[in-house]
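All remarks here apply to the structure that follows.
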Amino acid sequence: MRLAIIDIGTNTINLAIASINNEQYQIIFSSKETARLGRGGINEGKLTPEAIERGLTAIGKHVDTISKFDVDRTIAIGTSALRNCSNGPDFCNIVKEKYNINVEIISGDDEAQLIFDGVKQVMPIGQDRILILDIGGGSCEFIIANKSGIIWEHSFELGMARLLDKFTPSDPIQPSEIKAIEMHLRSELAPLYEALHNYPTTTLVGTSGSFDTIAAIVAAMKHPFLNVKLSTSYNIRVSNFEEVHRKIISSTAQQREQMPQMDKGRIDIIVLGSLFINFVVREMRIEHIFQCGYALKQGAVYQFINGQLK
């Protein structure tokens, strides 16, 4: 059978189509649309009419694609923007009326589980703990886990679209703005500090959004013959990340647009994404960084196959 997963995020709306044979599957198509669903309203808890229109247009494009693949089942999942905005359910009703697709708005805990179920399929997770970070537009999920499963997880309303809407940094970003953002992160991430005190690890596994973009930029600089988008994971040396980070935060939007492998839909939020990763690496004393190409969508396919997602 063929299964389509639509991941309705705060910044992008992603599509993955999987061909399933018994308990095995293969992603045969994937794409994304930059809808900016949270722009202009996420911190006020309401989707703007313009954002709703962008979201519906993006879903419409995915529906057109799905129709070409003889899909048996479509599952749509709503995350931070839809669960935190008062008119998120209204958006879901419009999607149902317009496209006959039911959108399930999931909790932060369920989102973290889906992410872990994606990561564990391709990352060799052993007895040693790892810290998983999924960077979204509306929220960021942190998960401490080992081969036995999730030890601790928390969904923080610190997504890059949310931070961009809150701080609207200069171009290029100024040192005083960096300081203000880091003060905010230090305050909001208090539960993470406590969790890592109780369950320490020096290994960070990053997924989605800004992390994928930064991994692609690092690879373009250090391993130009490697296509990260075709890899399930990529080892990023801390020193290589720091080099790219310095380039990103000192650049203008025009300069970032010219960077090899820059995602054109993330030219503005990549500065905050890089700041966020750099803050975590520095504050949490991370020594090893991996990017993982599997996250929520692949976790959703895994849960569907195992009867956990209906």
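With runs of 4+ DSSP H residues as the only contributors, calculate the mean residue ellipticity of the chain at 222 nm using -39,500 (n - 2.57) per run, divided by the residue total and rounded to the nearest 500. Mind dumping the intermediate values first?
On the way: 12 runs with 133 residues, N = 310.
Using -39500 (n - 2.57) per qualifying helix, the result is -13000 deg cm²/dmol.
Just by accessible area at a 1.4 angstrom probe, what is the order of F211, F225, F69 from largest to smallest? Can you show the working numbers first?
Numbers: F211 5, F225 205, F69 45 Å².
From most accessible down to least: F225, F69, F211.
Checking the table K61/K98; K247/K297; K229/K310; K32/K264 against a 20 Å threshold on Cα-Cα, which pairs fail? In this structure, K247/K297; K229/K310 lie more than 20 Å apart at Cα. As a fraction of the 1.4 Å probe accessible area of the chain, surface on carbon and sulfur atoms comes out at 46 percent. If you plug the beta carbon distance of E97 and N306 into 1/(1 + (r/R0)^6) with R0 = 35 Å, you get a FRET efficiency near 0.65.
Which percent, nearest 5, of DSSP beta bridges in the chain are antiparallel? Please report the intermediate quantities before stating the final value.
Numbers: 34 of 52 bridges.
Antiparallel bridges make up about 65 percent of those DSSP assigns within the chain.
Taking G299, G45, G137 as the candidate residues, the one with maximal mean-square fluctuation in a Gaussian network model of the chain, Cα springs under 10 Å, is G45.
Phi-derived couplings, Karplus 6.51 cos²θ - 1.76 cosθ + 1.60 at θ = phi - 60°, listed residue by residue for the stretch 268-281: 7, 7, 5, 4, 5, x, 5, 4, 5, 4, 4, 4, 5, 4 Hz, with x used for Gly and Pro. Label separation (T168 vs T202): 4.3 nm, computed from points 7 Å beyond Cα along the C-beta direction. Heavy-atom accessible surface of the chain, averaged per residue, reaches 45 Å², computed with a 1.4 Å probe. Positive end of the dipole of the chain (Cβ unit charges, origin at the Cα centre): among I269, L192, L82, the Cα lying farthest that way belongs to I269. The stretch 222-297 and the stretch 86-150 have their alpha-carbon centroids 21 Å apart. Listed by chain and number, the lysines placed with their C-alpha closer than 17 angstrom to that of K179 are K166; residues fewer than eight positions away on the same chain are left out. Which of rounded, prolate or oblate describes the stretch 153-262 when judged by the alpha-carbon gyration tensor and an a/c cut-off of 1.5? Note, shape of the stretch 153-262 comes out oblate.
What FRET efficiency comes out for K247 versus E283 if R0 is 25 angstrom and r is the Cβ-Cβ distance? Round to the nearest 0.05. Here the calculated transfer efficiency is 0.75. Computed from backbone phi, the HN-Hα couplings of the stretch 171-180 come to 10, x, 5, 9, x, 5, 6, 4, 4, 5 Hz, rounded to whole numbers (Karplus: 6.51 cos²θ - 1.76 cosθ + 1.60, θ = phi - 60°; Gly and Pro given as x).
The values are calculated or read from the model by the stated rules, or taken from the named source; none is laboratory data. Note that this is a predicted model, so its numbers are computed, not measured. For neighbour counting, all protein chains shown are included, and Cβ atoms are generated from backbone atoms with ideal geometry for every residue, glycine included. Keep in mind that these areas ignore ligands, DNA and RNA; they rest on the heavy atoms of the full protein, side chains included. Shrake-Rupley method; radii C 1.70, N 1.55, O 1.52, S 1.80 Å.
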